[in-house]
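Below: the structure, in structure tokens.
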Amino acid sequence: MLSIVTKNTLQNFDLKKQVCLITGGAGFLGLKHAEALLDGNGRVVLLDVNDERLSDAVSKLKRAYPRRIWGYQLDITNENLVKKTVNKIEREIGPISVLINNAANNPQVGQGQKDFSRLENFPIEVWQKDFDVGVTGAFLMSKYAGSLMAKRGKGVILNISSDLGVIAPDQRLYRKEGLKSHQQPVKPVTYSVTKHALIGLTKYLATYWAESGIRVNSISPGGVYRNTPEEFVQKLAKLIPLGRMATQDEYKAAILFLCSDASSYMTGANLIMDGGRTVW
Ligand SMILES: NC(=O)c1ccc[n+]([C@@H]2O[C@H](COP(=O)([O-])OP(=O)(O)OC[C@H]3O[C@@H](n4cnc5c(N)ncnc54)[C@H](O)[C@@H]3O)[C@@H](O)[C@H]2O)c1
């Protein structure tokens, strides 16, 4: 029996002031992941390329959780900077125990006629940039933070995928009246492929580091409501058994579960949390 798992169920969610990194931590959901880990008694480091957004996020979280939140500006696509920043965090804050690979470019649905999001027009430069952030960034962060955790024999990596990491986008959701089929806006190919790739990275790392005490999982969240146009919400809701999008706080309990000892017998898994969308 593992000694880390206690008989008191709730105690297994306690992060015991462990240092937790969140890439893209200043973004919309990054902040929510941070709240979850802070509620779980973690020390949280937000990593983001956008300095202004990062300072705002850190100040906001500091008000509610003083002394347990930090921010480091970092472009996760730059190997040299990733290596330096990971080492700096270990020196300045302490040994890293949790890494959430959350940053993404989130390529948006195109705007129709003049748009480059359709596969036939999709520029290789955009393909490369979306991959750099969504996949290469997760690989680099895992390479440096994960290797340190592996040396110490304990750690958790959580990759943020998507429901579209499991199923193809239903392009009918984005159709606009009056446009010919070859002009219809679509969810870009890179969203699908980067999100599927993260699930592949999860399985690879989970088995690679299983004997080093590192657990690696991913989560596939469905779309979160954020002033989403009503017409789109109605169309999307019809594809979801629970009949609605997620609210911004609905993934927090799952994030804490996956990052803490509460999920100690789980590795290489992808937790699908999508209101049932992928079941239909
Ligand atoms: N919002 C949703 O409905 C939803 C649904 C499913 C999955 N997801 C996934 O959740 C994650 C977070 O989504 P979000 O809605 O918070 O996105 P967001 O765009 O609000 O946040 C992404 C953050 O990543 C940062 N970033 C971009 N490039 C970077 C780089 N090179 N280095 C470091 N940071 C970089 C951005 O500055 C931004 O703060 C993404 O992986 C997304 O695909 C989101």
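The values are calculated or read from the model by the stated rules, or taken from the named source; none is laboratory data. From a predicted model like this one, the values you see are computed outputs, not experimental measurements. Positions of Cβ are backbone-derived with ideal geometry, glycine not excepted, and every protein chain shown enters the neighbour counts.
Quick notes on this one:
- Count - residues of region 168-196 that are surrounded by fewer than 20 Cβ atoms within 10 Å (Cβ to Cβ) and within 16 Å of the ligand (Cβ to nearest atom): 10
- Pairing each residue of region 107-123 that is at pLDDT below 85 with any residue that is polar (S, T, N, Q) and outside any loop (DSSP other than H, G, I, E, B), provided the two are 6+ apart or on different chains, yields C-beta distances under 7 Å for 107/190; 112/183; 113/183.
- Within region 86-128, tally of residues that are within 15 Å of the ligand (Cβ to nearest atom) and at positive phi: 1
- Restricting attention to region 80-97, the residues that are in contact (Cβ under 8 Å) with a residue 40 or more places away in the chain and among the hydroxyl-bearing types (Ser, Thr, Tyr) total 1.
- When the residues of region 1-41 are filtered to those that are in a loop (DSSP other than H, G, I, E, B) and within 17 Å of residue 64 (Cα to Cα), the one that is farthest from the ligand (Cβ to nearest atom) is 17.
- Within the set 148, 164, 205, the sole residue that is of a type in the set (A, V, I, L, M) and within 16 Å of the ligand (Cβ to nearest atom) turns out to be 164.
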